[in-house]
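Taking it in order: structure first as structure tokens, then the write-up.
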Amino acid sequence: MDIGSILRSKGNQVVSVGPQDDAGAIARILAQHRIGAVLVRDAGGDVLGIVSERDMVRCIASHGADSVTLPAARMMTRLLHTATPRTTVSEALALMTDRRVRHLPVLNEDGGLAGMVSIGDLVKARIDEALHEAEELRHYVESAG
């Protein structure tokens, strides 16, 4: 199974913020959408970075109460680890484990944003795949007997 399959079933909408949006606004967006990260994009839609819950915790640890007013541009992780729609779930899981990230922006071959997947999306896909394989094996055994 590949990332493109996951995006086809979950959709390709990505919640984004601007580089000037502050931590308070970002926290509200994360809570509202029940997500763990947002992409930071400029006015033209180009991806500048990502702000995750971990980034916010680091920000609070460094800046205390003042962190609520810091803009995304000061909190975001700029080095993005990405996948493509053709990346397999196994490859994406390995990348996430190796890089210790929980979200992967998915970029088309032309560099355009295709969506974003989380570790939860990938684990769900693996479980669904295992359940499907078990069901096929059960049908095979029943039909052979």
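The values are calculated or read from the model by the stated rules, or taken from the named source; none is laboratory data. Because the structure is a prediction, the values reported are computed rather than measured. Cβ: placed from backbone, ideal geometry, glycine included. Neighbour counts: every protein chain shown.
Residue-by-condition table, conditions (1) in a loop (DSSP other than H, G, I, E, B); (2) at pLDDT below 95; (3) of a type in the set (D, E); (4) in contact with a helix residue (DSSP H, G or I) (Cβ under 8 Å, 6 or more places away or on another chain):
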{"site": "I6", "(1), (2), (3), (4)": "no, no, no, yes"}
{"site": "S9", "(1), (2), (3), (4)": "no, yes, no, no"}
{"site": "N12", "(1), (2), (3), (4)": "yes, yes, no, no"}
{"site": "A25", "(1), (2), (3), (4)": "no, no, no, no"}
{"site": "V40", "(1), (2), (3), (4)": "no, no, no, yes"}
{"site": "G45", "(1), (2), (3), (4)": "yes, yes, no, no"}
{"site": "C59", "(1), (2), (3), (4)": "no, yes, no, yes"}
{"site": "D66", "(1), (2), (3), (4)": "no, yes, yes, no"}
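Candidates in the stretch 108-145 are the residues that are surrounded by 12 or more Cβ atoms within 10 Å (Cβ to Cβ) and among the β-branched types (V, I, T); of these, the one that is nearest to I50 (Cα to Cα) is V117.
So which of T97, T77 ends up being modelled with pLDDT of 95 or more, of a type outside the set (A, V, I, L, M, F, W, C) and within 25 Å of D2 (Cα to Cα)? Among T97, T77, only T97 is modelled with pLDDT of 95 or more, of a type outside the set (A, V, I, L, M, F, W, C) and within 25 Å of D2 (Cα to Cα). Residue under question is T77, and the condition is that it be in contact (Cβ under 8 Å) with a residue 40 or more places away in the chain and either buried (at least 16 other Cβ atoms within 10 Å of the Cβ) or of a type in the set (S, T, Y) (or both); does it hold? Judged against the criteria, T77 is not a match.
For (1) more than 18 Å from the chain's Cα centre (by Cα); (2) under 17 Å from I6 (Cβ atoms); (3) part of a strand (DSSP E or B); (4) not polar (S, T, N, Q), each residue gets a yes or a no:
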| residue | (1), (2), (3), (4) |
| --- | --- |
| D110 | yes, no, no, yes |
| M116 | no, yes, yes, yes |
| L122 | no, yes, no, yes |
| A125 | no, yes, no, yes |
| E129 | yes, yes, no, yes |
| H132 | yes, yes, no, yes |
| E136 | yes, no, no, yes |
| E142 | yes, no, no, yes |
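The single condition from (1) touching a strand residue (DSSP E or B) at 6+ places or on another chain (Cβ under 7 Å); (2) among the hydrophobic types (A, V, I, L, M, F, W, C); (3) buried (at least 18 other Cβ atoms within 10 Å of the Cβ) that V68 fails is (3). Restricting the first member to the stretch 103-125 and to residues that are over 10 Å from K10 (Cβ atoms), and the second to residues that are outside any strand (DSSP E or B) and among the basic types (K, R), the beta-carbon pairs closer than 7 Å and six or more apart or on different chains are I119/R102.
Filter the stretch 36-47 for residues that are surrounded by 17 or more Cβ atoms within 10 Å (Cβ to Cβ) and of a type in the set (A, V, I, L, M, F, W, C); which is farthest from P19 (Cα to Cα)?
Here is the first cut: in the stretch 36-47, the ones surrounded by 17 or more Cβ atoms within 10 Å (Cβ to Cβ) are 37-41, 47.
Subsequent filtering for residues that are of a type in the set (A, V, I, L, M, F, W, C) retains 37-40, 47.
Numbers: A37: 14, V38: 11, L39: 10, V40: 6, V47: 10 Å.
Ranking the candidates gives A37 first.
Identify all residues within the stretch 12-64 that are of a type in the set (G, A, S) and closer than 26 Å to N108 by Cα; write none if there are none. Hits for the stretch 12-64 are S16, G18, G36, A37, A43, G44, G45, G49, S52.
Of all residues in the stretch 10-26, those being without any contact (Cβ under 8 Å) to a residue 40 or more places away in the chain, among the small types (G, A, S) and more than 14 Å from L48 (Cβ to Cβ) number 1.
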